[in-house]
2 protein chains.
Amino acid sequence: MKDMLGRGEAVSPEEALKRIVSALPDVLPKTENVLIEDALDRIVAHEIASPEDMPPFTRSTVDGYAVDARDTFGASETAPAYIAFKGEILMAQAAPFPISRGEAARIPTGGMLPEGADAVVMLEHANETGGMLEVVKPVAPGENLIKRGEDARKGEGLISKGHCLRPQDLAALAGTGITEMALFSRPVVSIIITGDEIAPAGETELKPGFVRDMNSYTLSAMAKKAGGIAVKEGIVGDDFPLLKGAFERALSRSDMVLITGGSSVGTRDYTERLISEGGKVLFHGVAMKPGKPMLAGMVEGKPVFGLPGHPAAVAVCFDVFVKPVLRRLAGRAGSLRDRAGTVQARLSKGVGSGAGGRTQYIRVALFEKDGGLWAEPVLGPSGLIRTLVHADGVIIIPAGRPGMNRGEEAAVRIF
Amino acid sequence: MKDMLGRGEAVSPEEALKRIVSALPDVLPKTENVLIEDALDRIVAHEIASPEDMPPFTRSTVDGYAVDARDTFGASETAPAYIAFKGEILMAQAAPFPISRGEAARIPTGGMLPEGADAVVMLEHANETGGMLEVVKPVAPGENLIKRGEDARKGEGLISKGHCLRPQDLAALAGTGITEMALFSRPVVSIIITGDEIAPAGETELKPGFVRDMNSYTLSAMAKKAGGIAVKEGIVGDDFPLLKGAFERALSRSDMVLITGGSSVGTRDYTERLISEGGKVLFHGVAMKPGKPMLAGMVEGKPVFGLPGHPAAVAVCFDVFVKPVLRRLAGRAGSLRDRAGTVQARLSKGVGSGAGGRTQYIRVALFEKDGGLWAEPVLGPSGLIRTLVHADGVIIIPAGRPGMNRGEEAAVRIF
């Protein structure tokens, strides 16, 4: 009961997140060696330096003629430069001879520059005529080539610690011959679903009074997308000893525990008791809608979240709290790239300021009208999963801010 | 040679994409049954309807008392309504008795409403006193409950065809008891790397004149992220019969073939010959930078791309052409959510308009200054992978548009 009457102080979402993040232990995640084939979207554990110069030799970027650039200075259509043609450089072979001043060699795109050459004249700016090359356009030193080590120097940092590996990062690693690397192990996220009334999704005939588990699906998929390994610890009835047993098992084998349910006040009390018996409650109650009854704490150096039971609240709480904490546990460095993920849209309906000083997370569906992007609030209690399925994202209205009018532009965070 | 001198007509990127998309066969992808555990980010093959009402009974959303709302009309602190207390409804059980007018039953959050009740009075608005309930605040019919079928009605469409499954969609499916579903099979994307000078990334000692394969890593990771299954068909030298053999093998077991390389003009000619011998070239040369030498066509109803060899060009061409085509082959419906993925930033340096009427894809790195987001152009030839590793995204400057000035705001497409 106490809860509903506003037990404790509901903290702001910002304060709640700050409390968990600053309570996280200053320990780096475990690392593991991973093959490049499995490294996409994983987090780099130590700065990776290039083991060699890339490219390993100076390469031509065009089909043309390797020359000493000085021999072409001043050349033009009307006054071509004449250079002795020394021979041809083949693909995938060391240049078989050096170039001296006054000499040129034919070279393919990607071919290895001979010693003595410092530029490449493009094929269409030269003509071979009787052992001589007629060059009609000058080149500057360094033109039309990539120098040895220009992409990466031996020993130079290639990918920084905490970086989340993208396709092009894997390409750079492959290019320097790195096919296995030390990555941070993915944090294990245990998920405990509570509630006497919750049946597994696979139950074909629901008994009267039962509903199916949905939250373990939302949470495990969100944990996976945020870089974690989800472990479902099962569904536990509203019984403290049973819950305590499940919690201790979860804690022993994971890096973070999520307990959801608390459709009944009793479960929330149990979760609070579990945390305070083994560690410390950091907050109980957040000034947000949905998600108010949330609580969190640290037990044995691991974050434990008591999430509300309503499907929409679970998703919002994960996005706002669990995801940033999980990324920290994963060793992921913050990136300005993380700011992508929103679109600007105009509200098709006004939304209120929200009573009680709570930050509102309003689900919206996007649609197009007159070439513009619009956001339609998806109304309905947070107990309905359909509000999340029909929504494309959320608009956040911070506590204390006025509501928004029809036609006003808002940032929609896509989910 | 012809290529470099501008063989054929370079088409605009928009025209190029239109030609491939309209040449795609009007055949739906294959489907397969997939367990819900493996369904995240996969594409729904047929509209999924709810097999039952969800929730399966009318539930209370609060701890309180189930009543006939009419019995509470006009109730207040000073003039409470008095209702007979009939008993308690337990969690996870059918309500054991109906409610008549003038009767109330205690009910927990999530509990099943008894017949005859149409609203729930919150615990804090009522007191039990000697067999009677004193209600100090009225409730409207339907208040504090979720009706049977309110989340989904039996037979009602839950998830539409072509939808890419998000965490909350899986939750909705689980909630209605669906744990296996028909999804479109992921398209198989074959990747052929060409070039006499290309060595596998795992080669420990590079022979002179050789460089390591990078593009197969970029392409397979990008194909995976776009919903495909990547198959590396290996590295093939600049030899037409060998390439033809690899191409025919690839075509027989995949839905799309990517041939990269063409660092030499010869390979591009080979790719064009392969396509025109077996099918139809749709374009050869695109007015874009990087990516100009790109070509594509259809062979046996499957799209075939000849991608440039430069690492940055490969990534841009994939993003602009291959990804949208792959998503179509995957059966994915377009969504306004796809518009997320850009951030607004101000250019730290002006960029030119780009000669020759080509659409420019300028790589940029993001940084913060004075609380604002800035984009710094990452310069360097598209043959350097470092330009992609150091970049956070690209700015697109369409052909014919003027360049952009320092300080101007641009949309940065994150990659």
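The values are calculated or read from the model by the stated rules, or taken from the named source; none is laboratory data. Note that this is a predicted model, so its numbers are computed, not measured. Cβ atoms come from the backbone with ideal geometry, glycine included; neighbour counts cover every protein chain shown.
Values as computed for the structure displayed
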| item | result |
| --- | --- |
| Per-region count, the stretch B:137-176, residues part of a loop (DSSP other than H, G, I, E, B), exposed (fewer than 15 other Cβ atoms within 10 Å of the Cβ) and not polar (S, T, N, Q) | 7 |
| Pairs, first over 30 Å from A:Ile259 (Cβ atoms) in the stretch A:166-195, second among the aromatic types (Phe, Trp, Tyr), C-beta under 6 Å, six or more apart | A:Leu170/B:Tyr217; A:Ala171/B:Tyr217; A:Ala174/B:Tyr217 |
| Near pairs, Cβ below 8 angstrom, 6+ apart or cross-chain, from the stretch B:391-415 (away from chain A (no Cβ under 13 Å) and among the basic types (Lys, Arg)) to any residue that is part of a loop (DSSP other than H, G, I, E, B) and loosely packed, with under 13 Cβ neighbours inside 10 Å | B:Arg406/B:Gly350 |
| Residue match in the stretch A:334-341 (condition: polar (S, T, N, Q), at pLDDT 95 or above and surrounded by fewer than 24 Cβ atoms within 10 Å (Cβ to Cβ)) | no |
| Conditions (1) touching an Asp or Glu at 6+ places or on another chain (Cβ under 8 Å); (2) assigned by TED's automatic domain parsing to the domain that holds A:Ser254; (3) surrounded by fewer than 17 Cβ atoms within 10 Å (Cβ to Cβ); number of the one not met by A:Gln344 | (2) |
| Residue match in the stretch A:52-59 (condition: farther than 27 Å from B:Glu197 by Cβ and either touching a helix residue (DSSP H, G or I) at 6+ places or on another chain (Cβ under 7 Å) or acidic (Asp, Glu) (or both)) | no |
| Selection count, the stretch A:380-406, where residues are within 30 Å of B:Glu156 (Cβ to Cβ), in a loop (DSSP other than H, G, I, E, B) and under 26 Å from the mean Cα position of the chain (by Cα) | 4 |
| Leading residue by the ranking (modelled with the lowest pLDDT) among those in the stretch A:252-265 that are surrounded by fewer than 23 Cβ atoms within 10 Å (Cβ to Cβ) and more than 26 Å from B:Asp41 (Cβ to Cβ) | A:Ser264 |
| Residue within the stretch B:239-251 that is buried (at least 22 other Cβ atoms within 10 Å of the Cβ), closer than 28 Å to A:Glu52 by Cβ and in contact with a strand residue (DSSP E or B) (Cβ under 6 Å, 6 or more places away or on another chain) present | no |
| Some residue of the stretch B:247-264 being of a type in the set (Lys, Arg), under 24 Å from A:Ile36 (Cα atoms) and free of Cβ contacts under 8 Å to residues at least 60 places away in the same chain | no |
| Residue that is buried (at least 24 other Cβ atoms within 10 Å of the Cβ) and touching a Lys or Arg at 6+ places or on another chain (Cβ under 6 Å), where the choices are A:Ser190, A:Ser216 | A:Ser216 |
| Single unsatisfied condition, A:Pro293 versus (1) under 19 Å from A:Asn215 (Cα atoms); (2) free of Cβ contacts under 8 Å to residues at least 24 places away in the same chain | (2) |
| Leading residue by the ranking (farthest from the other protein chains (Cβ to nearest Cβ)) among those in the stretch B:187-200 that are modelled with pLDDT of 95 or more and in a loop (DSSP other than H, G, I, E, B) | B:Pro187 |
| Subset of the stretch B:330-379 [farther than 30 Å from B:Ala45 by Cα, of a type in the set (A, V, I, L, M, F, W, C), within 28 Å of the chain's Cα centre (by Cα) and away from every other protein chain (no Cβ under 13 Å)] | B:Ile362 |
| Condition broken by B:Asp71, with the remaining ones in (1) in the same structural domain as B:Ala117 (by TED's automatic domain parsing); (2) touching a Ser or Thr at 6+ places or on another chain (Cβ under 8 Å); (3) acidic (Asp, Glu) satisfied | (2) |
| Among the candidates B:Gly227, B:Gly279, residue that is without any contact (Cβ under 8 Å) to a residue 40 or more places away in the chain, farther than 22 Å from B:Gly383 by Cβ and buried (at least 18 other Cβ atoms within 10 Å of the Cβ) | B:Gly279 |
| Elements of type strands (runs of 3 or more DSSP E) contained in the stretch B:28-114, each with 1 or more residues being loosely packed, with under 15 Cβ neighbours inside 10 Å and more than 14 Å from chain A (Cβ to nearest Cβ) | B:31-35, B:81-88 |
| Scan of the stretch B:127-186 for residues that are at the interface with chain A (Cβ under 10 Å from one of its Cβ atoms) and closer than 30 Å to B:Tyr82 by Cα, ordered by number | B:Asn144, B:Leu145, B:Ile146 |
| Residues satisfying the stated conditions in the stretch B:206-230, i.e. facing chain A (nearest Cβ under 8 Å), closer than 24 Å to B:Asp38 by Cα and assigned to a loop (DSSP other than H, G, I, E, B) | none |
| Test result for A:Glu203, of a type in the set (Asp, Glu), at the interface with another protein chain (Cβ under 8 Å from one of its Cβ atoms) and not in a strand (DSSP E or B) | yes |
